[in-house]
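Read the structure below first, then the notes.
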Amino acid sequence: TDLRPLDILSEAVPAGALARGVRVFQVQGVLGLQLSASRPRALGFPASRLFIHCDRFPEEFSIIVTLRALRRPAKRNEYIFTLMVEESPSVLLGLRYAPDKLHFLFWSQERSGGWQTRVTFPNVSLSDNRWHTLVLAVSGQSFSLTVDCSIPKDVVVETPFPASLSVRRASFYLGNRRRRKGVFTGLLRQLVLLPGADATPRICHAMNFKVATLSVPSVLQDVPVKPVSNEVLKYPYETDMKVTLGARPRCSKQEKARFWFNASQRGLYLCNGSTWVSMLEVQHRLDYVEEYQNLVTNSETMGIEVFTIPKVGLFAAMANRITPPGSAIYRWTDGKFVHYQNIPTYQAQSWKYFTIGKKIFLAVANFEQNERGQEFSVIYKWSRRKAKFVTYQRITTHSARDWEAFVIEGEAFLAVVNHREGNNHNIDSVIYRWNPRTGLFEINQTIPTSGAYDWEFFTIGPYSFLAVANTFNGTSTKIYSHIYIWLSGSFQLFQSILTFGAADWEVFHVGDRVFLAVANSHSYDSGMPAPSNFYAINSSIYELNITAQMFVKFQDLLTYSALDWEFFSVGDDSFLVVANSFNGFTFSVNSIIYRWQGYEGFVAAHHLPTVGCRDWEAFHTPEGSYLFYSSAKEPLSKVLKLKTT
């Protein structure tokens, strides 16, 4: 191979001949192609036009893609390109993406018995209406993805890319797999195959690496000049636009491809046949926070879980302390939370919403025994017929504080934090695995914990982690909390961090940087002199150091019996809000919103009066963005609206 870039996009869109339904659009000063979903076969060409002298796909290669993906519904997959044999529905090779991951597909007859292999890169966020350049480098069992010249995501799989993949009678298809389903709805600027080399060094020297180019079609290289007299533009772009002004109009198949300009929010939206998709909008900035709704609850609220049931609506489950009446679920109706369902709970601490396939679940962590002296936490399942949650599975727990649901390698897990058994705080917390045959959760692993409060699951590249917040070992709150990594079918200790009554872990990303924040609630040690204030202590933010392969302290923030962190974004700005619950004298203490200030770290931006604040949840509706806080000291929770400019 001579290492000549093979421009797949230029081959499909030759100079001077745009395929029917293909349009050129300019967004953020960059030209790209919008592909048609009505004629997927028209966006294909025989692979023999690229592989002139050999009908074998390269064994080692890079694929370079520059694209702008639209925000789309969750779980929807779209194909960037495929390579398919004409008489077969199978994909020989392809690239597709979901809202938060990228899949590379290939067919390996000799190693997989004729089955397709899928290499998945998690935590790849492309659907943000911005330009991104991807470099996928393939060599044997190693697959490396670089997004916008950031740190490469490396995956090693059991099945290597085939040494001899025949492309005889195969064709490339742009933005589809020869069907209308899964068609790419964004803009494509570059799609290049570079045989025999990692293209990253050739791409990442550019000043604007988000649109760095190796080769692009001639139609996208220059903005057409203004025509003279009656001359018609050879490649018209941003024309034939039907724009609606005013209030939010209907979006259906009849309005597909129409634009709506929202003057109040200064945004341009495109109808995709069912919903309005943001094409261009002003990035909002947080100005101030205002009180929006006072929600009187059944009793004091230990935790909130905000979630959306598809085609039903937005809900909030409140973990209420007193039984009866138990805990309440509220539904967002006409811009406010309205009572929807009561569920019997026993000093509930938290809720966790999760799905397995089409099944929808809600698990409650009960802290106390029921009327018959039994101590259970309960998993409820959403009944579509009854339109409410019904009891599904009871699990024995010990003063449960928290549930965490996650998926590893396609398998569903549910982890419970057991706080104490009697007066013994040093007990096992349990990780359950979903058994698809029985339809129940079964014990998979136990992990020793000390008065634990919280689990936090997260992934970094191909690795899965689970952090536990240990609070009290029976004599001291100055104890180690642990981070575990999934290896060989179980969680194994990865790192230990000294904490002080840790009540919560919160993982978040700022750009390509990964952070982990701990909420320290109080400092107590029976063998040490009492401090002047048990509750005024630092909570800490740790950052992942790739070189050291560990989290290192990034910043300390003074907090007052902090019980929760919540990360959220407004426009391009990142924020952390802390739940300060007690300052040693009163439960009426300000909780604080910190704004990310780059080199300065997180800086206090807004002070919010709260009473015994226990939990924060951020959520969004078409009308705006909100913060929801619960009080562990009064039967009143509050919804605050984020006012932006």
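For the reader, a short list of remarks on this structure follows.
- Check on Ser274, assigned to a loop (DSSP other than H, G, I, E, B), at pLDDT below 95 and closer than 30 Å to Ala604 by Cα: no
- When the residues of the stretch 631-645 are filtered to those that are farther than 19 Å from Ser561 by Cα and assigned to a loop (DSSP other than H, G, I, E, B), the one that is most open to solvent (accessible area, probe 1.4 Å) is Thr645.
- Qualifying residue in the stretch 550-563 (condition: of a type in the set (S, T, N, Q) and modelled with pLDDT under 95): no
Residue-wise test of (1) modelled with pLDDT of 95 or more; (2) open to solvent by less than 30 Å² (accessible area, probe 1.4 Å).
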residue: Val578; (1), (2): yes, yes
residue: Tyr599; (1), (2): no, no
residue: Phe602; (1), (2): yes, yes
residue: Ala605; (1), (2): yes, no
residue: Gly612; (1), (2): yes, yes
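- Residue that is most open to solvent (accessible area, probe 1.4 Å) [pool: residues in the stretch 468-521 that are in contact with an Asp or Glu (Cβ under 8 Å, 6 or more places away or on another chain) and among the charged types (D, E, K, R)]: Lys478
- Residue count, the stretch 305-336 (criterion: under 19 Å from Ala632 (Cα atoms) and either surrounded by 15 or more Cβ atoms within 10 Å (Cβ to Cβ) or touching a residue at least 60 places away in the same chain (Cβ under 8 Å) (or both)): 15
- Of the candidates Val570, Val577, the single residue that is assigned by the TED database to the domain that holds Ala519 and within 25 Å of Ala348 (Cβ to Cβ) is Val577.
- Selection of the stretch 397-428 for residues being more than 30 Å from Arg118 (Cβ to Cβ), part of a strand (DSSP E or B) and either touching a Ser or Thr at 6+ places or on another chain (Cβ under 8 Å) or open to solvent by less than 70 Å² (accessible area, probe 1.4 Å) (or both) yields Ala400, Arg401, Asp402, Val416, Val417, Asn418, Glu421, Asn426, Ile427, Asp428.
- Selection over the stretch 544-555 of residues that are surrounded by 17 or more Cβ atoms within 10 Å (Cβ to Cβ) and within 14 Å of Ser496 (Cα to Cα) gives a count of 2.
- Just one of the numbered conditions (1) in a strand (DSSP E or B); (2) open to solvent by less than 50 Å² (accessible area, probe 1.4 Å) is not true of Tyr288: (2).
- Contact map, the stretch 364-385: first residue open to solvent by less than 10 Å² (accessible area, probe 1.4 Å), second residue acidic (Asp, Glu) and in a strand (DSSP E or B), Cβ cut-off under 9 Å, separation 6 or more or different chains; pairs are Ala365/Asp402.
The values are calculated or read from the model by the stated rules, or taken from the named source; none is laboratory data. Since the structure is predicted, the reported quantities are computational estimates derived from the model, not experimental observations. Note: ideal-geometry Cβ built from the backbone for every residue, glycine included; neighbour counts use all protein chains shown. With ligands, DNA and RNA removed, areas are computed over all heavy atoms of the protein, side chains included. Shrake-Rupley method; radii C 1.70, N 1.55, O 1.52, S 1.80 Å.
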